[in-house]
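Down below is the structure, laid out as structure tokens.
The values are calculated or read from the model by the stated rules, or taken from the named source; none is laboratory data. Not measured: the values here are computed from a predicted model. Here the Cβ positions follow ideal geometry from the backbone for every residue, glycine too, while neighbour counts run over all protein chains shown. Please note that ligands, DNA and RNA were not included when accessible areas were found on the heavy atoms of the full protein model with its side chains. Shrake-Rupley method; radii C 1.70, N 1.55, O 1.52, S 1.80 Å.
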Amino acid sequence: MNDKFKRALSLFATFFKIGLFTFGGGYAMIPLIEKEIVEKKKWITSDDILEVFAISESTPGPIAINSATFVGYKTAGFFGALFATLGVVLPSFTIIFILSFFIEKFKHLKAVEYAFNGIRAGVIALVIKALITMIKKCPKNAISYIIASLAFLVTVIFDLNVFIVIIACAVVGLIYHLIITSKKRGNKNDIS
């Protein structure tokens, strides 16, 4: 068995575990993905993980699936992407498929209601942890804070489509980078 195929199987197992033990969707998976992929397996660096999440969020589809596909491809090519994606999707699909046969019979029970309330509280904690992690790794400059604050306000106050906000943030970041780059080039030309 070649190394890439072994890595693809390892990606499947890792993302299967992440998918199996995470409730609440992609944002709740972010801390687990980071812990497994960056800290334990060291398949990508901590600097790369922020880019993985940014790309995963800005492309169509759920962030967990996009992250798994991206990490899988980066570490083991096509089969890595395929196996990582299957690994993260299969637990949810299986659980939902099985629950679909029983949920109508049990959803009125108070114990089930309390369990889901507890799960929601746990999901909120995981999403907040992901937010804090991303804030720590975000570039520390005024423009980053301004873009993040405005994006948050526009999304919350005006209930603007998140896709539009992401595109707008990307455009502002690109324009800012182009302005800074042209200023640096101008300063180098002035010196010489």
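Conditions: (1) open to solvent by less than 60 Å² (accessible area, probe 1.4 Å); (2) touching an Asp or Glu at 6+ places or on another chain (Cβ under 9 Å); (3) farther than 30 Å from V171 by Cβ. L32 meets all but one. Number of the miss?
L32 satisfies every listed condition except (2).
Please verify whether the stretch 117-136 includes one or more residues that are in contact with a Ser or Thr (Cβ under 8 Å, 6 or more places away or on another chain) and either farther than 25 Å from T22 by Cβ or not β-branched (V, I, T) (or both).
Checking the stretch 117-136: at least one residue is in contact with a Ser or Thr (Cβ under 8 Å, 6 or more places away or on another chain) and either farther than 25 Å from T22 by Cβ or not β-branched (V, I, T) (or both).
Which ones in the stretch 81-110 are over 19 Å from F12 (Cβ atoms) and touching a helix residue (DSSP H, G or I) at 6+ places or on another chain (Cβ under 6 Å)?
Answer for the stretch 81-110, where residues must be over 19 Å from F12 (Cβ atoms) and touching a helix residue (DSSP H, G or I) at 6+ places or on another chain (Cβ under 6 Å): just F106.
State all residues of the stretch 96-153 that are among the basic types (K, R) and farther than 30 Å from I164 by Cβ; if no residue qualifies, say none.
Selection gives K105, K107, K110.
Given the residues S92, S100, which is the only one that is more than 23 Å from D3 (Cα to Cα), crowded, with 17+ Cβ neighbours inside 10 Å and among the small types (G, A, S)?
S92
Looking only at residues in the stretch 1-22 that are modelled with pLDDT under 90 and either among the β-branched types (V, I, T) or not in a helix (DSSP H, G or I) (or both), which one is nearest to E34 (Cα to Cα)?
Among them, the one singled out is I18.
Would you check if there is a residue in the stretch 57-66 being touching a residue at least 60 places away in the same chain (Cβ under 8 Å), assigned to a helix (DSSP H, G or I) and hydrophobic (A, V, I, L, M, F, W, C)?
Checked against the condition, which is being touching a residue at least 60 places away in the same chain (Cβ under 8 Å), assigned to a helix (DSSP H, G or I) and hydrophobic (A, V, I, L, M, F, W, C), the stretch 57-66 yields no hits at all.
Go through the stretch 39-51 residue by residue and tally those that are under 17 Å from G173 (Cβ atoms) and either loosely packed, with under 15 Cβ neighbours inside 10 Å or at pLDDT 80 or above (or both).
2
If I ask for residues that are over 26 Å from I30 (Cα atoms) and open to solvent by 90 Å² or more (accessible area, probe 1.4 Å), which ones from the stretch 103-125 would you list?
Selection gives E104, K105, F106, K107, H108, K110.
Determine whether I166 is surrounded by fewer than 10 Cβ atoms within 10 Å (Cβ to Cβ) and either modelled with pLDDT of 80 or more or over 18 Å from L50 (Cα atoms) (or both).
no
Kindly indicate whether any position in the stretch 175-190 is modelled with pLDDT under 85, of a type outside the set (V, I, T), closer than 30 Å to F12 by Cα and surrounded by 10 or more Cβ atoms within 10 Å (Cβ to Cβ).
Within the stretch 175-190, none of the residues are modelled with pLDDT under 85, of a type outside the set (V, I, T), closer than 30 Å to F12 by Cα and surrounded by 10 or more Cβ atoms within 10 Å (Cβ to Cβ).
In the stretch 58-76, how many residues are open to solvent by less than 60 Å² (accessible area, probe 1.4 Å) and either modelled with pLDDT under 80 or at positive phi (or both)?
4
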